[in-house]
Amino acid sequence: MRIFLILISTLILSACATTIPVAVITHDGHILRGENTVSMASGTFSVSDGRLTCTGSYNPLNESRTITVTVTCNDGRTGIAIATRDTPMSGGGKVTLSDGSEGTFIFGDAARKI
């Protein structure tokens, strides 16, 4: 019975995912677009311009207004993004990659307009 309850709980939690848009703007005005997907079990994002793709994950249970997110790009760069939530579903921040390049990002409805 206990295993059955754990299985049902896992299925319910994994089915409750929300996806919101993300846009990253590099220092030279280049734009990467993508999505942030969050559930009770995981928080992930992926942005791309068709050539460069950067992804990351974070703890969705962290309720802090500002969180730090690790970033990995398909060109070998890694980095850190610092995100500040305006609401649970919107906000923005700054990303710094291992080569020193920087960008800003927004997530939520405002990212759709970029």
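Structure notes:
- Simple spin-label estimate for ALA110 and HIS30 in nanometres, 7 Å along Cα-Cβ: 2.4
- Whole-Å distance, taken between Cα centres, linking the range 78-114 and the range 17-44: 8
- Residue-averaged [θ]222 nm for the chain, counting only DSSP H segments that reach four residues, each worth -39500 (n - 2.57): -4000 deg cm²/dmol
- Potential extension, ARG51-THR70 segment - 0.36 nm per residue separation minus Cα distance: 4.8 nm
Each value in this text was obtained by applying a stated rule to the coordinates, not by laboratory testing. All values reported here derive from a predicted model rather than from experimental measurement. Every residue, glycine among them, receives a Cβ derived from its backbone with ideal geometry; neighbour counts consider all protein chains shown.
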